[in-house]
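Written out below as structure tokens is the structure these notes cover.
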Amino acid sequence: MMRKKIFSRFGSLNKSGRKANTRIVSLGMAALLLTMTACGQNAAGDLSGNADSVSDTSLSSDAGVSASSDLRSDVDADAGIGGITGADAFNLDDVADKELNILDDKYRTTYEIFVYSFYDSDGDGIGDLRGVIDKLDYVNDGDDSTSTDLGCNEIWLMPISPSPTYHKYDITDYKEIDPEYGTLEDFDELVSACHKRKVSLIIDLVLNHTSNEHPWFKEAANYLREHPELTEIGKTPELMDACPYLYYYNFSNEPQTGYEKLAGTNWYYEARFWSGMPDLNLDNDMVKEEIADITQFWIDRGVDGFRLDAVTSYYTDNDTSNIEFMTWLNDTIKSQKEDAYIVGEAWTALSRYSKYYASGVDSFFAFEFSGTEGVIASVARSKRSPLSYAKAISDAEKELSSVNESYIDAPFFTNHDMARAAGYFVGRSSEKMVKLAGALNLLMGGNAFVYYGEELGMKGSGKDENKRAPMQWESADATGMCQGPKDMEKFDMTYPSLMEQASDPYSIYNYYKKAIRLRNTYPVIARGKTQPVEALSDDDIGAFVRYGNTGLSSDSNDYIAFDENGDNIGVDGVISPVLGAKDPLYKEAALLIIINNADEAKTVDLGKWSGTGSSPKLSYQLNVGEEVSTLDGTSLSIPSYGIAVIK
Ligand SMILES: [Ca+2]
Ligand SMILES: [Ca+2]
Ligand SMILES: [Ca+2]
């Protein structure tokens, strides 16, 4: 099926009667071969058979993988000229033809996995750690020369410790693995399999509350039930000795907001989320010792960091105390592992979560940009302009860096608490919106997060269970497919399973893969700063530069600094082009990114901005369909919902 599709598209070039310049044809074939090889490895065995048989033909001599670097320079030099348009030109920016430049730091692309619904290794319908190991090659195969994997280089596992619930955000033992998911030995194996692939692994750290079935809470509750005469929990040595766990939680003998009645007693306990999740007393030094012990335990097992659950609830409505506690937590974890990565979940506006960066915690999720009403979805739906997206990023960068210069933004589009986009992007352009939204997330600076299944355009909204549906590897009865949460409603997915999407070059999956590869190709995307370029923008077109100088002094000709007009005044205030500047670490010191969220193709004269210089090159593009961007001199033609990256 794969081969038929590709050759029929190739055939259409001839039928359309376009001038068949020999060089272009051979370039097209080289790209075709790369695509086929990539897709063949990706999909089922019979497809790779096809790819092999093609590479046995005479084509391989001028189109082998070894030619890819030549091909790349041809593409850079000639992208957009020669009148290549439509399907055949799609392959010019094929994911396989760019050399990766992956830096080993905290600016990663992270894949969020809900183990329960990911992959089931033993046939009980529940995903497990061995299932994650089995599917690691899907996330990252550890081989930079292949593009058959997603290319994410960090994994965040939602809670894996024993818990009475399917979601496991209420823990009964912080230093164990839930038997549904496997064993500590499985976990150790997962850690080493990740590290072998240069994938870091972070785990959820749920510190606001435990399960009400945690032994700490059970001990405290039992003590109160057995001592009805107790009317006050004063810090007497006798009581602290008799039941230290009374001080692990917040008990009150009066009803209060956010408190639940403790059955069989006259006591109330703080439980902000639900009676099954009693809030911990984070002021208690014994609790802090437990926490330090827990983080040390997982660091000793090799985790690279933690995702902090529900940090605004540590001390409800008290940011000062939240920051103080996170400062302690950050210092504690980093004294145990200096380069640990920590990202906090503060589900609130930028104006509030920005303050939390004062704690020294590396990252907080960019809630401002996520979800149905966030910046990303609004731009994808054309409710706001792509220029406003660039401005929002630039504003956020200024705000966050003013609090902590070494902040690392943590953009994401959806997560396990949010409706998935396929449910709310509807109508004629819905698939384009799903793709564009994915790219807008992955084009942000920092450590970008992708929620499992987002890359397939999975659906799920309403009850939380629906947002955590089984990963759509293939049909529901296939080996390894999970059953999903018991109370999940029945609904049909909008887009096909991975199995079908893998072999379709225009699928959401292949689009995401290319967007992730873009991050892995140009380090400046995740690490640089953002300068909106109003001179090239209008209601539909948003242009911005992502730029960064590592180790370049301001005397260097390549140093980039902007004035208020967006002109580069890097060297002694002299205006000079930005594009083409080189950086020792990033290679490309600056990229111009153009986004078109109009319903039609647009033309942009890049010469309207001084930073473009005289020889811009189209170096990467993300397209929602067969139409591609082309660059003729400084005239860029960009398709509907297209993204062009110029260097
Ligand atoms: Ca299982
Ligand atoms: Ca790879
Ligand atoms: Ca709390």
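The values are calculated or read from the model by the stated rules, or taken from the named source; none is laboratory data. Source: prediction; values computed, not measured. Ideal geometry is used to build each Cβ from the backbone, glycine not excepted, and the neighbour counts take in all protein chains shown.
Selection within segment 272-297: residues that are β-branched (V, I, T) and touching a helix residue (DSSP H, G or I) at 6+ places or on another chain (Cβ under 9 Å). The member of this set that is nearest to ligand 1 (Cβ to nearest atom) is T295.
To keep it simple, each residue is scored yes or no on (1) within 16 Å of ligand 1 (Cβ to nearest atom); (2) buried (at least 22 other Cβ atoms within 10 Å of the Cβ).
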residue	(1), (2)
D104	no, no
Y111	no, yes
F118	yes, yes
I133	yes, no
D137	no, no
D141	no, no
T148	no, no
N153	no, yes
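Within segment 103-139, restricting attention to residues that are among the polar types (S, T, N, Q) and out of contact with any Gly (no Cβ under 6 Å at 6 or more places or on another chain), which residue is nearest to ligand 2 (Cβ to nearest atom)?
Step one: list which residues in segment 103-139 are among the polar types (S, T, N, Q), which gives 109-110, 117, 121.
Checking the rest, the ones that are also out of contact with any Gly (no Cβ under 6 Å at 6 or more places or on another chain) come to 109-110.
Numbers: T109: 13, T110: 16 Å.
Restricting to residues being among the polar types (S, T, N, Q) and out of contact with any Gly (no Cβ under 6 Å at 6 or more places or on another chain), the top hit is T109.
(1) among the aliphatic types (A, V, I, L, M); (2) buried (at least 20 other Cβ atoms within 10 Å of the Cβ); (3) away from ligand 2 (no atom under 16 Å from the Cβ): which one isn't true of L184, the others all being true? Going through (1) among the aliphatic types (A, V, I, L, M); (2) buried (at least 20 other Cβ atoms within 10 Å of the Cβ); (3) away from ligand 2 (no atom under 16 Å from the Cβ) one by one, L184 breaks only (2). Just one residue in the set T521, T530, T494, T479 is closer than 19 Å to A380 by Cα and surrounded by fewer than 24 Cβ atoms within 10 Å (Cβ to Cβ); that residue is T494. When you check A598 against the structure, is it closer than 27 Å to I376 by Cα and hydrophobic (A, V, I, L, M, F, W, C), yes or no? When the stated conditions are applied, A598 passes them. Selection of segment 105-130 for residues being basic (K, R) and in a loop (DSSP other than H, G, I, E, B) yields K106, R108. State whether one or more residues within segment 241-254 are without any contact (Cβ under 8 Å) to a residue 12 or more places away in the chain, away from ligand 2 (no atom under 16 Å from the Cβ) and not assigned by TED's automatic domain parsing to the domain that holds K135. The answer is yes; a qualifying residue exists. The residue that is surrounded by the fewest Cβ atoms within 10 Å (Cβ to Cβ), among those in segment 155-176 that are of a type in the set (A, V, I, L, M) and more than 16 Å from ligand 3 (Cβ to nearest atom), is L157.
Per the conditions (1) under 28 Å from A377 (Cβ atoms); (2) in contact (Cβ under 8 Å) with a residue 40 or more places away in the chain, the sole criterion not satisfied by G580 is (1). Has segment 291-311 got at least one residue that is away from ligand 3 (no atom under 14 Å from the Cβ), assigned to a helix (DSSP H, G or I) and under 22 Å from E399 (Cα atoms)? Taking every residue of segment 291-311 in turn, none turns out to be away from ligand 3 (no atom under 14 Å from the Cβ), assigned to a helix (DSSP H, G or I) and under 22 Å from E399 (Cα atoms).
Residue-by-condition table, conditions (1) surrounded by 17 or more Cβ atoms within 10 Å (Cβ to Cβ); (2) over 30 Å from S430 (Cα atoms); (3) not aliphatic (A, V, I, L, M):
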site	(1), (2), (3)
L552	yes, yes, no
E564	no, yes, yes
L579	yes, yes, no
D583	yes, yes, yes
I594	yes, no, no
A598	yes, no, no
K602	yes, no, yes
P616	yes, yes, yes
E626	no, no, yes
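Once segment 250-305 is narrowed to residues that are of a type in the set (F, W, Y) and touching a strand residue (DSSP E or B) at 6+ places or on another chain (Cβ under 8 Å), the residue that is surrounded by the most Cβ atoms within 10 Å (Cβ to Cβ) is W298.
Among residues of segment 597-621 that are assigned to a strand (DSSP E or B), those with a Cβ under 7 angstrom from a residue that is surrounded by fewer than 17 Cβ atoms within 10 Å (Cβ to Cβ) and small (G, A, S), sequence gap 6+ or separate chain, pair up as T603/S635; D605/S635. Give the residues of segment 238-273 that are away from ligand 3 (no atom under 12 Å from the Cβ) and at positive phi, sorted by residue number. G264 - this is the single residue of segment 238-273 that is away from ligand 3 (no atom under 12 Å from the Cβ) and at positive phi. The listed residues are A366, A346, A380, A340, and the only one of them that is touching a residue at least 12 places away in the same chain (Cβ under 8 Å) and either touching an Asp or Glu at 6+ places or on another chain (Cβ under 6 Å) or of a type in the set (S, T, Y) (or both) turns out to be A366.
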